[in-house]
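The values are calculated or read from the model by the stated rules, or taken from the named source; none is laboratory data. None of these values were measured; they are calculated from a predicted model. We place every Cβ from the backbone using ideal geometry, glycine too, and count neighbours over all the protein chains shown.
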Amino acid sequence: MTRIDFHFNTPEKLAYSCRLIRKAYRTKNRLWVYSIDEGQLLQLDRMLWRFSATDFIPHVMHDHPLASKTAVVLSNSLQGSERFTIGIHLGTELPQGFSSFERWIEIVGRDDNDRQLARKRYA
């Protein structure tokens, strides 16, 4: 059974995601970061490269040739995520197939609409 965690009231979803990804990566987990918003994923990609001067977080977009061998993948689909243990969700709609992960983390911002949509996903 998939363990689902909600991280509520994050002041800045992408900055929070960088910290969460770093923490989970350090525990040797493979992470699949999901959002239907390709622009959001590209912004997160740039942020991860600049996130820390002392930490390197290897990551690629889902269509990169090394995606199956990389610890952190950013994607707008769950196709190819079978061997990843943690899914991190930045979007608003719960994707089919999320239950294939051991752990699924919902990142919820302070925006009222984001919180309402998260409550619907929880129900």
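Taking the conditions exactly as written (within 20 Å of residue 20 (Cα to Cα), modelled with pLDDT of 95 or more, among the aliphatic types (A, V, I, L, M) and in contact with a Cys (Cβ under 7 Å, 6 or more places away or on another chain)), does residue 48 satisfy them or not?
Details: within 20 Å of residue 20 (Cα to Cα): yes; modelled with pLDDT of 95 or more: yes; among the aliphatic types (A, V, I, L, M): yes; in contact with a Cys (Cβ under 7 Å, 6 or more places away or on another chain): yes.
In short, yes.
Condition test on residue 5, is it charged (D, E, K, R), modelled with pLDDT of 95 or more and touching a His at 6+ places or on another chain (Cβ under 8 Å)?
Working: charged (D, E, K, R): yes; modelled with pLDDT of 95 or more: yes; touching a His at 6+ places or on another chain (Cβ under 8 Å): no.
So residue 5 fails the test.
Of all residues in segment 76-123, which are among the acidic types (Asp, Glu), closer than 19 Å to residue 41 by Cβ, out of contact with any Ser or Thr (no Cβ under 8 Å at 6 or more places or on another chain) and outside any strand (DSSP E or B)? Write out each step before concluding.
Step one: filter segment 76-123 for residues among the acidic types (Asp, Glu), giving 82, 93, 102, 106, 111-112, 114.
With the extra rule that they be closer than 19 Å to residue 41 by Cβ, the set shrinks to 93, 106, 111, 114.
Then keep just the ones that are out of contact with any Ser or Thr (no Cβ under 8 Å at 6 or more places or on another chain); that gives 93, 106, 111.
Answer for segment 76-123, where residues must be among the acidic types (Asp, Glu), closer than 19 Å to residue 41 by Cβ, out of contact with any Ser or Thr (no Cβ under 8 Å at 6 or more places or on another chain) and outside any strand (DSSP E or B): 93, 111.
Taking segment 100-123 on its own, how many of its residues are surrounded by 15 or more Cβ atoms within 10 Å (Cβ to Cβ), of a type in the set (Ser, Thr, Tyr) and modelled with pLDDT under 95?
0
Restricting attention to segment 78-99, report how many residues are touching a residue at least 24 places away in the same chain (Cβ under 8 Å) and either over 12 Å from residue 31 (Cβ atoms) or crowded, with 20+ Cβ neighbours inside 10 Å (or both). Working first, answer last.
Step one: filter segment 78-99 for residues touching a residue at least 24 places away in the same chain (Cβ under 8 Å), giving 78, 81, 83-95, 98-99.
Those left that are additionally either over 12 Å from residue 31 (Cβ atoms) or crowded, with 20+ Cβ neighbours inside 10 Å (or both): 78, 81, 84, 86-95, 98-99.
The qualifying residues number 15.
Where in segment 1-70 are there strands (runs of 3 or more DSSP E), lying fully within it, with 2 or more residues that are in contact (Cβ under 8 Å) with a residue 40 or more places away in the chain and closer than 22 Å to residue 81 by Cα? Break it down stepwise before answering.
Working: elements: 3-10, 31-34, 59-61.
Strands (runs of 3 or more DSSP E) meeting the threshold: 3-10, 31-34.
Which one is nearest to residue 73 (Cα to Cα) among residues in segment 29-55 that are among the β-branched types (Val, Ile, Thr) and surrounded by 13 or more Cβ atoms within 10 Å (Cβ to Cβ)? Give the steps one after another, and end with the answer.
Of all residues in segment 29-55, those among the β-branched types (Val, Ile, Thr) come to 33, 36, 54.
With the extra rule that they be surrounded by 13 or more Cβ atoms within 10 Å (Cβ to Cβ), the set shrinks to 33, 36.
Values: 33: 6, 36: 14 Å.
Only one residue tops the list, namely 33.
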